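Below: the structure, in structure tokens.
The values are calculated or read from the model by the stated rules, or taken from the named source; none is laboratory data. In this text, all values refer to a predicted model and were calculated from it rather than measured experimentally. Here Cβ is always computed from backbone atoms with ideal geometry, including for glycine, and neighbour counts include all displayed protein chains.
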Amino acid sequence: MKNTAIESLGDISSLVELLRYRALQQPEKRAYTFLTNGESERGSITYAELERRARAVGAFLQSLELKGERALLLYPAGLDYIIAFLGCLYAGVAAVPAYPPRLNRNLLRLQNIVNDSKAQAVLTTAAIIAKFEPLIEQTPGLSELQWLMTDSINTALAYRWQDPAATGDTLAFLQYTSGSVGLPKGVMVSHGNVLNNEKVINTAFELREDTVIVGWLPIYHDMGLMGNVLQTLYTGGSHIFMSPVDFLQKPYRWLKAISDYKGVFCGGPNFAYDLCVNKITEEQKATLDLRSWRAAFNGAEPVRYETIERFTAAFEPVGFSRTAMYPCYGMAETTLMVSGGGVNEPPAAGKFSAPSLEKNEIAACSEAEPGRILVSCGHAWLNHKLVIADPELLVRCAPDKVGEIWVSGASVAGGYWNKPETTRRTFHAYLSDSGAGPFLRTGDLGFIHDGELFVTGRLKDLIIIRGTNHYPQDIELTVEQCHEAIRPGCCAAFSLDIDGEERLGIVAEIERRFRPRENQGEDGQNEVLTEIYSAIQESIFTQHELQIHQILLLKPGSIPKTSSGKIQRHACRAGLLDGTLSAERGVMNG
């Protein structure tokens with residue numbers, strides 16, 4: 001079968017044109033199917049019906065004169081999210097994907113996104129509005145918005161729709177990163193960025209109109225939106241999907257859906273594969289047939305060699321092929337994918353000297369020294385270019401050096417919404433020796449060896465747990481505010497590699513008046529410190545939905561800082577691991 005996703009889309013310049021094309025060419029083909037509880041078909045939609053409903057939503061938004069504005073999307077997993085997203089594009093409204101908060105959680109993140117994006121409306125369902133109405137009314141910034149229910153819009157409105165004349169340069173949506181407290185960053189993704197990156201994915205994975213994608217990734221996340229939902233539209237294939245919660249509760253549901261629907265292109269971060277290995281029983285494995293799974297992409301966090309080995313060993317007996325594993329690299333700032341290997345090729349890996357890597361140098365590993373196995377993330381695709389640059393000198397690194405990964409190409413987004421200075425620093429980098437550029441500075445460290453990209457770490461202290469980015473300063477502020485014993489500006493949050501999984505570590509100084517006194521007795525000391533530990537654990541779980549692996553409370557003045565007073569997170573991590581920090585008591589394990 002010819003790859004019409006590549007051959008027939010050359011003149012299409014927007015996602016609006018793309019959906020209209022699919023509705024004309026494949027009107028009765030089932031595009032998206034949602035599995036309730038991750039198991040039973042709750043609803044499905046054809047390309048023709050999707051186009052009609054998106055057009056109706058677009059006409060409705062146009063009638064409210066929202067063209068050129070931003071609209072926040074708050075939906076549970078399901079078809080309504082996809083319809084509303086495309087409806088925004090049909091109206092000429094920039095979509096702002098987000099997710100409904102829980103009733104017992106604060107709305108700070110949503111408030112920050114609304115304030116930053118200057119969204120004029122929230123698109124959601126009647127059920128969400130009914131559930132959160134009391135909370136919305138009490139929340140500044142949210143109560144003033146137009147809250148619009150799209151699940152009850154009459155499709156007859158589709159006939160009033162007016163083409164917004166979107167081009168490749170038109171802003172399609174804002175993909176919000178986690179952001180630091182009060183300063184979330186919205187990546188400006190254009191229609192052209194999306195179409196280019198979907199072509200990258202389609203080409204790299206050799207997808208066709210008969211491709212079946214089976215997923216659970218959140219639609220508000222770039223990997224779920226770009227990799228699953230919009231790639232389905234670009235390829236003209238079918239997407240079977242479930243709620244992330246349903247997958248997390250029972251990982252077997254994902255692999256069973258792949259088996260039942262003959263999924264071809266299905267993936268997620270490391271933790272998803274690890275979860276399948278740890279939670280799927282031998283009896284459940286016996287019901288699976290994974291021979292159709294030709295491309296198992298692995299991204300959104302550093303790809304681990306151990307994960308690939310464990311998953312392959314666990315599921316080869318039921319048809320999974322090692323050649324299906326596909327490590328790749330990308331980020332929201334590049335719309336999604338930048339690099340990857342060849343499909344149907346086993347993932348490449350190399351063993352390098354660990355001491356050399358710690359010094360940002362590349363060297364083969366001898367038998368006498370510790371080694372670190374790194375997984376290749378392949379090469380850049382189509383019109384993209386990768387450069388390894390010295391992050392301080394801004395020159396290209398020597399071949400034997402680790403540096404910051406810089407990217408250029410048509411998938412690189414336009415910058416951060418309403419943040420010109422941050423955009424200039426991040427998206428408009430030039431090599432100081434040659435003047436080549438502009439490049440996107442990714443903040444990731446890596447090197448290119450034999451034409452393959454290897455990611456070694458992060459220049460920034462970004463924490464990635466279960467595929468989700470967490471900025472340490474967000475977590476640190478939460479810790480500081482959770483108990484009066486925590487000294488302001490004296491807390492560090494960082495990631496810990498525990499048995500191949502990234503976990504959260506916290507160290508924090510406590511005020512002198514809360515330090516256990518010598519005459520307090522062991523029970524009294526334990527009571528004071530236990531109260532602080534509990535406050536930290538509860539606040540981090542409530543605010544960030546994270547569990548802490550280790551907490552260490554420190555004596556005043558003992559946390560590592562630079563000469564300018566900045567917290568040295570790497571030194572804190574090292575001190576926690578080797579026991580050299582001045583602690584009030586032993587480490588509390590989560």
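Structure notes:
- Among the residues of the range 566-581, not one is of a type in the set (Gly, Ala, Ser) and at pLDDT below 75.
- Those strands (runs of 3 or more DSSP E) of the range 386-472 in which 1 or more residues are over 30 Å from LEU546 (Cα atoms) and modelled with pLDDT of 95 or more occupy 403-408, 440-449, 452-458.
- Residue in the range 304-327 that is within 20 Å of LEU459 (Cβ to Cβ) and hydroxyl-bearing (Ser, Thr, Tyr) present: no
- Residue list for the range 45-77, restricted to those being among the small types (Gly, Ala, Ser) and touching a helix residue (DSSP H, G or I) at 6+ places or on another chain (Cβ under 8 Å): ALA48, ALA54, ALA56, GLY58, ALA59, SER63, ALA71, ALA77
- Subset of the range 238-283 (residues that are modelled with pLDDT under 95 and part of a loop (DSSP other than H, G, I, E, B)): PRO269
For (1) assigned by TED's automatic domain parsing to the domain that holds GLU39; (2) of a type in the set (S, T, N, Q); (3) under 28 Å from ASP246 (Cβ atoms), each residue gets a yes or a no:
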site: LEU107; (1), (2), (3): yes, no, yes
site: LEU110; (1), (2), (3): yes, no, yes
site: SER117; (1), (2), (3): yes, yes, no
site: THR125; (1), (2), (3): yes, yes, yes
site: SER143; (1), (2), (3): yes, yes, no
site: MET149; (1), (2), (3): yes, no, yes
site: TYR159; (1), (2), (3): yes, no, no
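- Just one of the listed residues (PHE320, PHE297) is crowded, with 18+ Cβ neighbours inside 10 Å and closer than 20 Å to SER411 by Cβ, and it is PHE297.
- Hits in the range 310-347 (condition: more than 23 Å from LYS262 (Cα to Cα) and either assigned by TED's automatic domain parsing to the domain that holds ALA380 or of a type outside the set (Gly, Ala, Ser) (or both)): TYR329, MET331, GLU333, THR334, THR335, LEU336, MET337, VAL338
- Tally of residues being more than 16 Å from ILE405 (Cβ to Cβ) and in contact with a Cys (Cβ under 6 Å, 6 or more places away or on another chain) across the range 331-351: 1
- Positions within the range 207-223 being in a helix (DSSP H, G or I) and touching a helix residue (DSSP H, G or I) at 6+ places or on another chain (Cβ under 8 Å), in sequence order: ASP222
- Only one entry in GLY237, GLY186 is among the small types (Gly, Ala, Ser), touching a Lys or Arg at 6+ places or on another chain (Cβ under 8 Å) and buried (at least 20 other Cβ atoms within 10 Å of the Cβ), namely GLY237.
- Among all positions in the range 269-280, there is no residue which is within 22 Å of THR33 (Cα to Cα) and touching a strand residue (DSSP E or B) at 6+ places or on another chain (Cβ under 8 Å).
- Residue satisfying condition, being more than 22 Å from LYS262 (Cα to Cα) and modelled with pLDDT of 95 or more, within set LYS185, LYS199: LYS199
- One residue stands out in the range 71-97 among those that are of a type outside the set (A, V, I, L, M) and over 18 Å from TRP161 (Cα atoms): the one that is surrounded by the fewest Cβ atoms within 10 Å (Cβ to Cβ), namely PRO76.
- Between SER63, SER14, the distinction of being assigned by TED's automatic domain parsing to the domain that holds ILE153, of a type in the set (Gly, Ala, Ser) and exposed (fewer than 15 other Cβ atoms within 10 Å of the Cβ) belongs to SER63 only.
- Single unsatisfied condition, ARG42 versus (1) touching a Gly at 6+ places or on another chain (Cβ under 8 Å); (2) more than 13 Å from VAL16 (Cα to Cα); (3) outside any strand (DSSP E or B): (3)
- Of all residues in the range 240-263 being among the aliphatic types (A, V, I, L, M) and surrounded by 21 or more Cβ atoms within 10 Å (Cβ to Cβ), the one that is nearest to the chain's Cα centre (by Cα): MET242
- Within the range 118-138, the set of residues being within 27 Å of the chain's Cα centre (by Cα) and part of a loop (DSSP other than H, G, I, E, B) comprises LYS118, ALA119, GLN120, THR125.
- Residue under evaluation ASP444, criteria (1) of a type in the set (D, E, K, R); (2) touching a Gly at 6+ places or on another chain (Cβ under 8 Å); (3) surrounded by fewer than 20 Cβ atoms within 10 Å (Cβ to Cβ), criterion not met: (3)
- Check on SER353, among the polar types (S, T, N, Q), closer than 27 Å to ALA324 by Cα, surrounded by 12 or more Cβ atoms within 10 Å (Cβ to Cβ) and touching a strand residue (DSSP E or B) at 6+ places or on another chain (Cβ under 7 Å): no
- Looking only at residues of the range 282-309 that are of a type in the set (S, T, N, Q) and more than 28 Å from the chain's Cα centre (by Cα), we find that the one that is nearest to TYR252 (Cα to Cα) is GLN284.
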